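Enquirer: Have a look at the structure that comes next, please.
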Amino acid sequence: MENQPQKTVVERFLDIIERAGNKLPDPAILFLVLMLIVWVLSALLSPIDFGVNDPRTGEALRVNNLLTGTALAAFLSNMVSIFIQFPPMGVVLVAILGVGIAENSGYINAGLKLLLNLTPKALLTPILILVAIMSHTAADAGYVLVIPLGGVIFYAAGRHPLAGIAAAFAGVSGGFSANFIPSGIDPLIQSFTEAAARMSDPDISLNPLNNWFFTSASSVVVVAVGWIITDKVIEPRLKKYTPVDEVIDDMPAMDELTKKDKKAFWVASASMLSLIALLVIWAWPTDSALRDSNGEITSFAAPLMGSIVPLIFIIFWLPGVIYGFLSGAYSKFKDVIDGMSKSMGTMTYYIVMAFFCAFFIYAFDQSKIGTLIAVQGAKYLKAMALPGEITIVGIVFLTAFVNLLVGSASVKWALISPIFVPMLMELGISPDLTQAAYRVGDSVSNIITPLLPYFPLVVVFCQRYVKKTGIGTLVSLMIPYSIALLIVWTLFLLLYWAIGYPLGLQATYVYP
């Protein structure tokens, strides 16, 4: 009997991560369990005097017992409103309806293909990563289109196809929080941040694009890091140790856009630019209806700031519809409605998850346990006298670790934002900065966890060129990207903070 080959350190590490991740319940059930835990803890902790004052009122901070008859009756009578008024619900669903049409009609895919086809060979790597980053606008487009096309165009250019797949994967998933273009993820993450911040300051409001400037600048960082790692580390190693199979079965084709598709794309894009131009013209006058009573356009009272999510819907919906009819993807308006229904169908699990998440957030808020942890945690952090920079770095690294076990960005932030956002507010660090640190950590370890839903799909893409590719192979490819992004992106955040350039619209570094 032949000896079984010994597993590598990476493979043994992956086994540990996979076993630990598989023991976690489904996120929806996880929120239900956490809500029940909060209920029990509230009953156990309510009699205790912690000697801590509520920073908002100055009164003694006590945990509220959620298992009393009065509390349970209030919960039951308010269940529907708690769910319906859950901040992310309307924001996410409206944005998805618009972006979903642009994706379903083929408009976004056509734009990505056109950009990749026009790319000079010398700039293949950075342009591919840039396109991968831009694909975040449509959540699944990068995984199902850009990553396999990365392998195709590298192979066609005489380069190692796995290097193209790795570069695209690094941009799509490792640079998940970097993008020049606002997308549905911005208001989604912001809504959780705002809900957590209101545990300490009920009147606080955050702009959905409060990290836009930072994520835009981060795109340059992700492209630069990905370019260097791909061309100087990954591809040389692949050429030396991982030859491409001579016979490639089921190799994806680099489909060319037809003249009809190209015409449809340019007409649809012109409609998008026209909408943006009309918006600028409308908002330009100082007495515009899109400005507040003082003529400010970026204040929370300005109608424009309250219209960001509807604008995302309109700006993507219209060109998506136009492209669909001109390209032949749509023949009647029922096809448009079917496309919107299809995009909404992908959100059914999210709605179920949000149902339980809303109740957990509500219980955590009502119990005051989160406030108690925030105040006590801030007290200890203040006593340690750690610089704010070290605290922010800690948030990045902790988030990157948690990301190995819990893949969803919204799930993770829904779990930890009620603790970290109020706690750092007590230390004088704004929710905007805390959110920026979270988004860095949330991105960099996506590409090394097999628990990412698309991870097995990327393995399959690699197997089209190197049949022996396994999970360990892909992780070994992506670890250099992950480590480099973790270090460089974190340092970039600290440098960005030191310079003091705005994180985004109406964003601050300090609180209050």
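A short reminder: the numbers here are calculations on the coordinates, not readings from a lab. Computed from a predicted model, the values in this text were never measured in an experiment. Cβ atoms come from the backbone with ideal geometry, glycine included; neighbour counts cover every protein chain shown.
Enquirer: About the Cα centre of the chain, how large is the charge dipole given +1 on each Lys and Arg Cβ and -1 on each Asp and Glu Cβ? Please answer in debye to the nearest 20.
Expert: 840 debye
Enquirer: Of Ala71, Tyr143, Leu318, whose Cα points farthest to the positive end of the dipole of the chain (charges on the beta-carbon: +1 Lys, Arg; -1 Asp, Glu; origin at the Cα centre)?
Expert: My answer, from the dipole projection, is Tyr143.
Enquirer: When only Cα pairs under 8 Å and 6 or more residues apart are kept, what is the percent relative contact order across segment 146-285?
Expert: 26 percent
Enquirer: Could you please rank Thr119, Thr434, placing first whichever residue has the fewest other Cβ atoms within 10 Å of its Cβ?
Expert: Sorted ascending by nearby Cβ count, the order is Thr119, Thr434.
Enquirer: While we're here: Before rounding to the nearest 500, sum -39500 (n - 2.57) across all DSSP H runs of length at least 4 in the chain and divide by the residue total; then give [θ] at 222 nm in deg cm²/dmol.
Expert: About -20500 deg cm²/dmol.
Enquirer: Let me ask another. What is the helix-to-structure angle for 348-367, meaning the angle in degrees between its Cα long axis and the longest Cα principal axis of the chain, kept from 0 to 90 and rounded to the nearest 10?
Expert: 30 degrees
Enquirer: Follow-up. Within the chain, which is the longest segment that contains none of the trypsin sites (Lys or Arg not before Pro) sitting in a DSSP loop with at most 14 other Cβ atoms within 10 Å?
Expert: 57-331
Enquirer: Shifting gears a bit: Provide, in order from the shortest bin, the percent of all Cα-Cα pairs of segment 131-242 in each 10 Å bin, continuing until the bin that contains the maximum pair distance.
Expert: So the P(r) values, bin by bin, are 15, 36, 26, 14, 7, 2.
Enquirer: Would you mind checking Lys232/Lys263; Lys260/Lys334; Lys121/Lys260; Lys342/Lys368; Lys121/Lys259; Lys121/Lys263 for any pair whose Cα atoms are more than 29 angstrom apart?
Expert: Pairs exceeding the cut-off: Lys232/Lys263; Lys342/Lys368.
Enquirer: I need the phi-derived Karplus couplings for segment 166-171: 6.51 cos²θ - 1.76 cosθ + 1.60, θ = phi - 60°, integer Hz, Gly and Pro marked x.
Expert: For segment 166-171, the Karplus-derived couplings read 5, 4, 5, 4, 4, x Hz, x marking Gly and Pro.
Enquirer: Next question. State the answer as a single residue: which of Ile308, Ile228, Pro418 lies farthest towards the positive end of the charge dipole of the chain, with beta carbon charges of +1 for Lys and Arg and -1 for Asp and Glu, about the Cα centre.
Expert: Ile228
Enquirer: Moving on to the next point. Dividing the Cα convex hull volume of segment 258-330 by residue count, how many Å³ per residue is that?
Expert: 71 Å³
Enquirer: Hey, rough spin-label estimate for Lys342 and Glu59, points 7 angstrom out along Cα→Cβ, what's it come to in nanometres?
Expert: 5.5 nm
Enquirer: Something else: Determine, for Tyr241, Tyr454, Tyr465, the number of other Cβ atoms within 10 Å of each Cβ, and report the residues in order from fewest to most.
Expert: Exposure proxy ranking, most exposed first: Tyr241, Tyr454, Tyr465.
Enquirer: While we're on this one: Once the Cβ-Cβ distance between Tyr501 and Tyr349 is put in as r, and R0 is 41 Å, what FRET efficiency do you end up with, to the nearest 0.05?
Expert: About 0.65, to the nearest 0.05.
Enquirer: I've got another one for you. Which whole-number percentage describes the relative contact order of the chain, with Cα contacts under 8 Å and a sequence gap of 6 or more?
Expert: Once divided by the residue count of the chain, the mean separation gives 25 percent.
Enquirer: Which three numbers, in whole Å and largest first, are the semi-axes of the equivalent ellipsoid of the chain derived from its Cα gyration tensor as √(5λ)?
Expert: Semi-axes, largest first: 39, 30, 22 Å.
Enquirer: Lys/Arg Cβ at +1, Asp/Glu Cβ at -1, dipole of the chain taken about the Cα centre: which of Pro512, Phe359, Trp489 is farthest positive-ward?
Expert: Towards the positive end, the residue furthest out is Trp489.
Enquirer: Given H placed 1.01 Å from N in the peptide plane, which residues other than close sequence neighbours of Ile429 have an amide H under 5 Å from its amide H?
Expert: Under 5 Å from the amide H of Ile429: Tyr511.
Enquirer: Let me ask another. At a 10 Å Cβ-Cβ cut-off, how would you order Glu103, Glu59, fewest neighbours first?
Expert: Glu59, Glu103
Enquirer: Projected area of segment 74-180, taken from the Cα convex hull and averaged over every viewing direction, in nm²?
Expert: 8.3 nm²
Enquirer: 7 Å from Cα along Cα→Cβ at both Lys263 and Phe50: what's the point-to-point distance in nm?
Expert: 6.7 nm
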